[in-house]
Amino acid sequence: MRASPRCPRPSGRGHSSSVGGTAWHVVAADVDPSWVAVQVAHDPLAAPLGARFLAALADRVGAEPGVVDAVLAAPPPPAGPGVDLVEATPAQHPRVRRALAHRTGVRVWTTPDGAGLLVLGRGVAGRWEAAVEVAPQARGRGLGTALAAAAPALQPAGEPLWAQVAPANTASLRAFLSAGWRPVCAEVLFGP
């Protein structure tokens with residue numbers, strides 16, 4: 001486990017985070033690494049993503065922790081998106097508003113009927129991140145998987161692409177996994 005004195009901030013706005021994978025963790029926050037070590041000493045493998053540590057870190061940095069998200073890495077890009085998409089200007093859709101609050105360089109695509117939404121932008125540490133949403137009336141037909149599969153084709157060439165998915169959002173998690181995305185770690189982002 002490592003503690004970092006500063007967390008890279010998307011678009012210059014600061015957030016702290018706790019990220020962990022198999023037998024490793026990184027706490028990226030403006031805190032003393034020795035404080036982190038004391039807080040997680042009882043269970044250094046699980047504690048950095050546990051509720052007690054996240055609450056203590058939130059108090060320490062003065063920011064609220066988000067949910068523990070699974071972080072997924074995209075498969076190699078297909079030759080094309082494979083689903084009909086139209087690039088759109090960022091709008092007032094809740095998924096887009098969330099992306100604009102946490103990412104820079106946000107680009108948005110929708111299906112022609114508006115049932116599917118795909119968002120790409122630069123997030124934590126400047127990494128490219130994807131998010132998808134399917135309208136309730138269009139769910140259960142594979143559109144989420146098609147959107148997750150399309151995202152790498154829209155990504156700048158040679159750039160890795162990531163997605164954060166709340167494990168409780170099982171439909172989204174299944175869609176990304178079905179599209180070939182691979183889980184690599186879990187993270188909690190802190191924000192205002």
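The values are calculated or read from the model by the stated rules, or taken from the named source; none is laboratory data. All values reported here derive from a predicted model rather than from experimental measurement. Cβ atoms come from the backbone with ideal geometry, glycine included; neighbour counts cover every protein chain shown. Accessible surface areas use protein heavy atoms only, side chains included; no ligands, DNA or RNA. Shrake-Rupley method; radii C 1.70, N 1.55, O 1.52, S 1.80 Å.
List the number of the failed condition for ALA151; all other conditions in (1) open to solvent by 50 Å² or more (accessible area, probe 1.4 Å); (2) more than 28 Å from ALA29 (Cα to Cα) hold.
(1)
Looking at this structure, is GLU129 acidic (Asp, Glu) and more than 15 Å from the chain's Cα centre (by Cα)?
Values: acidic (Asp, Glu): yes; more than 15 Å from the chain's Cα centre (by Cα): no.
For GLU129, the condition - acidic (Asp, Glu) and more than 15 Å from the chain's Cα centre (by Cα) - is not met.
Residue by residue through region 61-82, note down the ones that are of a type outside the set (D, E, K, R), in contact (Cβ under 8 Å) with a residue 24 or more places away in the chain and surrounded by fewer than 18 Cβ atoms within 10 Å (Cβ to Cβ). Don't jump to the end; show me each part of the working.
From region 61-82, those of a type outside the set (D, E, K, R) are 61-63, 65-68, 70-82; that's our starting set.
Next cut, in contact (Cβ under 8 Å) with a residue 24 or more places away in the chain only: 61, 63, 65-68, 70-82.
Correct list: VAL61, ALA63, GLY66, VAL67, ALA73, PRO75, PRO76, PRO78, ALA79, GLY80, GLY82.
Quick check on region 28-53: of everything there that is part of a loop (DSSP other than H, G, I, E, B) and either acidic (Asp, Glu) or under 18 Å from VAL68 (Cα atoms) (or both), which residue is least open to solvent (accessible area, probe 1.4 Å)?
Of the residues in region 28-53, the ones part of a loop (DSSP other than H, G, I, E, B) are 29-32, 41-46, 50.
Now narrow it down to the ones that are either acidic (Asp, Glu) or under 18 Å from VAL68 (Cα atoms) (or both): 29-30, 32, 43-46, 50.
Working: ALA29: 1, ASP30: 99, ASP32: 82, ASP43: 63, PRO44: 65, LEU45: 108, ALA46: 55, GLY50: 23 Å².
Checked region 28-53; the qualifying residue least open to solvent (accessible area, probe 1.4 Å) is ALA29.
Assess whether GLU129 counts as being at pLDDT 95 or above, closer than 24 Å to GLY180 by Cβ and not small (Gly, Ala, Ser). Working first, answer last.
Numbers: at pLDDT 95 or above: yes; closer than 24 Å to GLY180 by Cβ: yes; not small (Gly, Ala, Ser): yes.
Taking the combined requirement at face value, the residue satisfies it.
With respect to the numbered conditions (1) of a type outside the set (Gly, Ala, Ser); (2) open to solvent by 40 Å² or more (accessible area, probe 1.4 Å); (3) at pLDDT 95 or above; (4) within 22 Å of ASP84 (Cβ to Cβ), which one is the sole condition not fulfilled by ARG107?
(3)
Is it true that PRO8 is part of a loop (DSSP other than H, G, I, E, B), closer than 19 Å to TRP162 by Cβ and at pLDDT below 90?
Working: part of a loop (DSSP other than H, G, I, E, B): yes; closer than 19 Å to TRP162 by Cβ: yes; at pLDDT below 90: yes.
Yes: the conditions hold for PRO8.
Being more than 22 Å from VAL184 (Cβ to Cβ), in a loop (DSSP other than H, G, I, E, B), open to solvent by 30 Å² or more (accessible area, probe 1.4 Å) and touching a residue at least 60 places away in the same chain (Cβ under 8 Å), is that true of even one residue in region 87-98? Break it down stepwise before answering.
Start the filter on region 87-98 by keeping residues that are more than 22 Å from VAL184 (Cβ to Cβ), which leaves 87-97.
After this cut, where a residue has to be in a loop (DSSP other than H, G, I, E, B) as well, the list is 89-93.
Subsequent filtering for residues that are open to solvent by 30 Å² or more (accessible area, probe 1.4 Å) retains 89-93.
Filter once more, so that each one left must be touching a residue at least 60 places away in the same chain (Cβ under 8 Å): none.
Within region 87-98 (the criterion being more than 22 Å from VAL184 (Cβ to Cβ), in a loop (DSSP other than H, G, I, E, B), open to solvent by 30 Å² or more (accessible area, probe 1.4 Å) and touching a residue at least 60 places away in the same chain (Cβ under 8 Å)), the answer is no, since none of the residues qualifies.
Given region 101-192, what strands (runs of 3 or more DSSP E) lie entirely inside it while holding 1 or more residues that are touching a Phe, Trp or Tyr at 6+ places or on another chain (Cβ under 7 Å)?
Qualifying strands (runs of 3 or more DSSP E): 116-122, 128-134, 161-165.
Would you be able to say whether some residue in region 181-191 is farther than 30 Å from GLY62 by Cα and buried (at least 21 other Cβ atoms within 10 Å of the Cβ)? Give the steps one after another, and end with the answer.
Initial filter on region 181-191 (farther than 30 Å from GLY62 by Cα): 181-182.
If we keep only those that are buried (at least 21 other Cβ atoms within 10 Å of the Cβ) too, we end up with 181.
Checked against the condition, which is being farther than 30 Å from GLY62 by Cα and buried (at least 21 other Cβ atoms within 10 Å of the Cβ), region 181-191 yields at least one hit.
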